[in-house]
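Before any comments, here is the structure.
The values are calculated or read from the model by the stated rules, or taken from the named source; none is laboratory data. Here the structure is a predicted model, which means the values were calculated and not measured. Neighbour counts are summed over all protein chains in view; Cβ atoms, including those assigned to glycine, are modelled from backbone coordinates with ideal geometry.
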Amino acid sequence: MPVEGVCSGQWRKLRWKLISWHMAYTCGMQLGALTLAIFSFATFWSSGVEFAKIMSWMFFTINLFISINFTLLARHWPCLVHRWALLEHSLPDQLRLRAYQRQTSRQIIFISSVLFLSAVVEHVLSKPAGLHRAYRCPIANIWEAHYKQAFPEMFSFVPYNPFLGAFAQTITSLLTMYWNYVDLFLIVVSMALRVNLQHLYEVIRRSDKLHLNAQFWLEIRVQYRNVFDLTQAVNRHIGALIVVSYASNLFFICIQLLNVLQQNASFVVTSYFWYSLFHLVGRIVAVSLFGSAVHDQYSRIRSLSCRLPPECSYMNEVRQFQREVEHGSIALTGYGFFYLTRELILKIAATVVTYELVLTQVNEAEAKNGDDNPCT
């Protein structure tokens, strides 16, 4: 995300500038992704739509869309973080809140390390797999064979150049980082949003002596409304990223599952397919579980509001709080198309099975009339 001051660790130093090195790097990445996406689109437009050719176009287009969305989000991110920080400073029992935040910070570091390491291993395994496939190409220079096999859409229109191949490989590697980062970003945001709801739940649960205090419930209702509004505001800005995260992960899970089921590749290539499949499944499950944790914490607050002592139900502030909790459900959504709840994981599994059957039939049909050139 092209925001300055991220490494400072202080939200007050976050800035977005149109003229900056961050924006220059981002625009360069977008230009590279757009160029490769155009080459991919031109390839299957001129030679006919084939499943393998659509994969490259999907990868570059999805990452271009991710980069554009992060750029749009960067304009609003400093103001959003400022609002977030002010809300957390207004919550009661700051000592307990700080303890939750430290615990969440350790969890974020651990999860980030695991996902980053897994992404590096997946990317490293793809290189021997690509070189192994390049050996089938009757070109003496292995790197020329590899680049032509990895980027046939580009070298179908321009003469081969090793520097151009290295440039395309660099852009692809950086875009792969974008692709992995979007899931990590959604996980971290979900965990941070969950902390506020978890803290409110504990404040209500531990304040038995204040249940008959109207001022207490007024403050709780105001704080719940602020947390609700913040979650909705964050969701409006990351909704497109949620959609593209699930769409890309589902698409490439189906692709890698299809590659695994074919069972006609070498050990090196098959190992890469299996690891990539587990990596993708782990990513989408992690996003679903941590994203659904926001709704889970809301459900705990709603359940607690329904179990309040009977004498509390006569208080006007309590009734208003219960109505707000009942009618103001909190959950992250993909632009309203779907909600991040635990049930979503089962729906994802059913979707993968359905589309895998379709892709298998399409792949079998194309295998009979497909391109047998080992260099593409």
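Specify which of the listed residues (Leu164, Leu193) is at pLDDT 90 or above, assigned to a helix (DSSP H, G or I) and hydrophobic (A, V, I, L, M, F, W, C).
On the way: Leu164 fails: at pLDDT 90 or above.
Within the list Leu164, Leu193, the selection yields Leu193.
I need the full set of residues from the stretch 316-345 which are surrounded by fewer than 17 Cβ atoms within 10 Å (Cβ to Cβ) and over 22 Å from Gly239 (Cβ atoms), in order please. Within the stretch 316-345, Asn316, Arg319, Gln320, Arg323, Glu324, Glu326 meet the criteria.
Among the numbered conditions (1) farther than 23 Å from Gly334 by Cα; (2) surrounded by fewer than 16 Cβ atoms within 10 Å (Cβ to Cβ); (3) modelled with pLDDT of 80 or more, the only one that Gly282 does not meet is (1).
Condition check ((1) at pLDDT 85 or above; (2) touching a Lys or Arg at 6+ places or on another chain (Cβ under 7 Å); (3) over 16 Å from Arg225 (Cα atoms)) across all residues:
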| position | (1), (2), (3) |
| --- | --- |
| Leu308 | no, no, yes |
| Cys312 | no, no, yes |
| Met315 | no, no, yes |
| Arg319 | no, no, no |
| Gln322 | no, no, no |
| Thr333 | yes, no, yes |
| Phe338 | yes, no, yes |
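Any residue in the stretch 196-208 that is under 18 Å from Val81 (Cα atoms) and either modelled with pLDDT under 85 or surrounded by fewer than 17 Cβ atoms within 10 Å (Cβ to Cβ) (or both)? No, the conditions are met nowhere in the stretch 196-208. Checking each residue in the stretch 306-346 for being part of a helix (DSSP H, G or I) and free of Cβ contacts under 8 Å to residues at least 24 places away in the same chain picks out Cys306, Pro310, Ser313, Tyr314, Arg319, Gln322, Arg323, His327, Glu343, Leu346.
Put simply, of His327, His295 the only residue that is out of contact with any Cys (no Cβ under 8 Å at 6 or more places or on another chain), at pLDDT 85 or above and closer than 20 Å to Asn226 by Cβ is His295.
Taking only the stretch 233-252 into account, find how many residues are touching a residue at least 24 places away in the same chain (Cβ under 8 Å) and more than 14 Å from the chain's Cα centre (by Cα). So the answer is 2.
In the stretch 54-86, of all residues being over 24 Å from Phe228 (Cβ atoms) and among the β-branched types (Val, Ile, Thr), the one that is surrounded by the fewest Cβ atoms within 10 Å (Cβ to Cβ) corresponds to Ile68. Picking from residues in the stretch 247-282 that are polar (S, T, N, Q) and part of a helix (DSSP H, G or I), the one that is nearest to Leu344 (Cα to Cα) is Asn249.
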